[in-house]
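Read through the structure below, which is laid out as structure tokens, and then see the notes.
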Amino acid sequence: MQFKDVIGQQHLKHKLIESIRSGRVHHAQLFLGDSGHGSLALAMAYAQYINCENPGEDDSCGNCSNCQKNYKLIHPDVHFSFPIVATKSKGPDDGDPKANFYAQWRELMQETAYPAYNEWIRKIGKEDKQGNIPVAEARNIIRKLSLKSYQGGYKVLIMWLPEFLGNEGNVLLKVLEEPSPKTIFLLVAEDESRILNTILSRCQIVRIPRIEPDEIKEALIKVLGAEPEKAAQSAALAEGSFRRAIEIYHSGEDNFFGAFTDWMRLSFSHDYAGLLNWAQNAANLGKENTKNFLIYALGVFRESLLVKQGIHSLSKLRGNEFEWVAEKFAPNINQDGIIKIVNEINEVHYLIGRNASLKVVLFDLSLHISKNLR
Ligand SMILES: [Zn+2]
């Protein structure tokens, strides 16, 4: 992957390249940000750049043999580590517990460099199981990184989601602290509070910010052949995440818009029986769709505040949605109430990720909204 394949993030790309060109390469870096912001894509571009034979001022060359191998994910000095689930059948006995998962990993990487954990766990067909990075993998990493570099360049380990390293992950501390020369760890994480402190404290943190909506819009047009208006709308509601933008784009925000207006009508009229029914229907959408719907709802609430404050020009809403917000919704809402509602939605989004009952949390949320809307 080249930097030009990573959506947006110009400032950060420049900073990363500059650090490599000036020889300020920290041997343990933690790329921290939502996977939809491109943290894994950036780590892969970084690994390719640092081993490129003809690196340019703003990107790897894309043509040398190192670049080619990186493209195909077969560079012998660039290793990947990721959460897996325990399997009964043994892979080839080289001590790599991920041996059975590489085919799916390559498949995932061909589909997207902006994957979500759920997407991965579904791909390996273990949705009901808890993933982890087992101690056997930590030992495997130590062993691999102790080997001499094949191509004479940097040895790079890209670990996706170090949040899944249990306490046994501490066997990595020594090698994280004093790796052999020209060895780099790139840890790609979403939630720093779930990473072992001992690991966190040994890393230089590289924060991956949101992607600008315009850049997401352009990427949707380029990657999906999306229609510009719809691409702009999905991008506006995606909270800086390319992955969420794709989800919103595919899930059809028209349906979300209908569900949202129903929800607000019932909440305004304190129709609790209706809200209970609504929560049941929404829960039937399933966990991922519900989470996407909540992201959509957050977007509409945020835009409504802008409209209420008279900043129409900044609103990213268009067509029916804009008319409904401007004429019916925004004039009737209470600003402080909306801020409370937004916080509550964020909390519920998190709880759903932790497997809370959808119907219960959605009904609770509906009561909260009903109370704070006006
Ligand atoms: Zn190259």
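Projected onto its three principal axes, the C-alpha set of segment 252-372 covers 39, 27, 22 Å, listed from the longest axis down. Distances between placed amide hydrogens fall under 5 Å for ILE208 paired with LEU32, GLY33, all partners being 5 or more residues away or on another chain. Each semi-axis of the equivalent ellipsoid for the chain is √(5λ) with λ an eigenvalue of the Cα gyration tensor; in descending order they amount to 41, 24, 17 Å. The trypsin sites (Lys or Arg not before Pro) of segment 116-179 that DSSP puts in a loop, and whose beta carbon has at most 14 other beta carbons within 10 Å, are LYS129, LYS148. For LYS123, the lysines whose Cα comes closer than 21 Å to its Cα, not counting residues fewer than 8 places off in the same chain, are LYS72, LYS88, LYS90, LYS98, LYS287, LYS291. Counting only DSSP beta bridges with both residues in the chain, the antiparallel share comes to about 5 percent.
Taking the DSSP bridge list for segment 3-207 and keeping only pairs wholly inside it, about 5 percent are antiparallel. Amide H to amide H, with H built 1.01 Å from N, LEU187 comes under 5 Å of GLN29, LEU30, PHE31, MET159, counting only residues 5 or more places away or on other chains. Here's the picture: charge each Lys and Arg Cβ at +1 and each Asp and Glu Cβ at -1 in the chain, and of LEU32, GLN151, PHE257 the one pushed furthest to the positive end of that dipole is GLN151. Here the sum of -39500 (n - 2.57) over DSSP H runs of 4 or more residues, divided by the residues of the chain, equals -15500 deg cm²/dmol at 222 nm, to the nearest 500. Taking a straight line from the alpha carbon of LYS230, these aspartates and glutamates sit under 13 Å away, with near neighbours fewer than eight places off in the same chain left out: ASP214, GLU218, GLU247, GLU253, ASP254, GLU321.
Segment 118-187 and segment 324-374 have Cα centres spaced 39 Å apart. Solvent exposure of SER251, expressed as accessible area, is near 30 Å², computed with a probe of 1.4 Å over the protein chains only.
Taking amide H atoms as placed 1.01 Å from N in the peptide plane, the amide H of LYS129 has no partner under 5 Å among residues 5 or more positions away or on other chains. Applying the criteria of a DSSP loop state and at most 12 other Cβ atoms within 10 Å to the GluC sites (Glu not before Pro) of segment 1-64 yields GLU57. If you plug the beta carbon distance of GLN110 and HIS250 into 1/(1 + (r/R0)^6) with R0 = 22 Å, you get a FRET efficiency near 0.75. Summary of the geometry: segment 30-69 and segment 196-210, compared by the centres of their Cα atoms, lie 19 Å apart.
Once the Cα-Cα distance is subtracted from the 0.36 nm per residue extended length, the LEU351 to LYS15 segment shows a gain of 117.4 nm.
The simple Förster model, with R0 at 45 Å and r as the Cβ-Cβ distance, assigns GLU177 and ARG302 a FRET efficiency of 0.60.
The values are calculated or read from the model by the stated rules, or taken from the named source; none is laboratory data. Everything numeric here is computed off the predicted structure, so don't read it as measured data. Ideal geometry is used to build each Cβ from the backbone, glycine not excepted, and the neighbour counts take in all protein chains shown. Heavy atoms of the whole protein, side chains included, go into the accessibility calculation; ligands, DNA and RNA do not. Shrake-Rupley method; radii C 1.70, N 1.55, O 1.52, S 1.80 Å.
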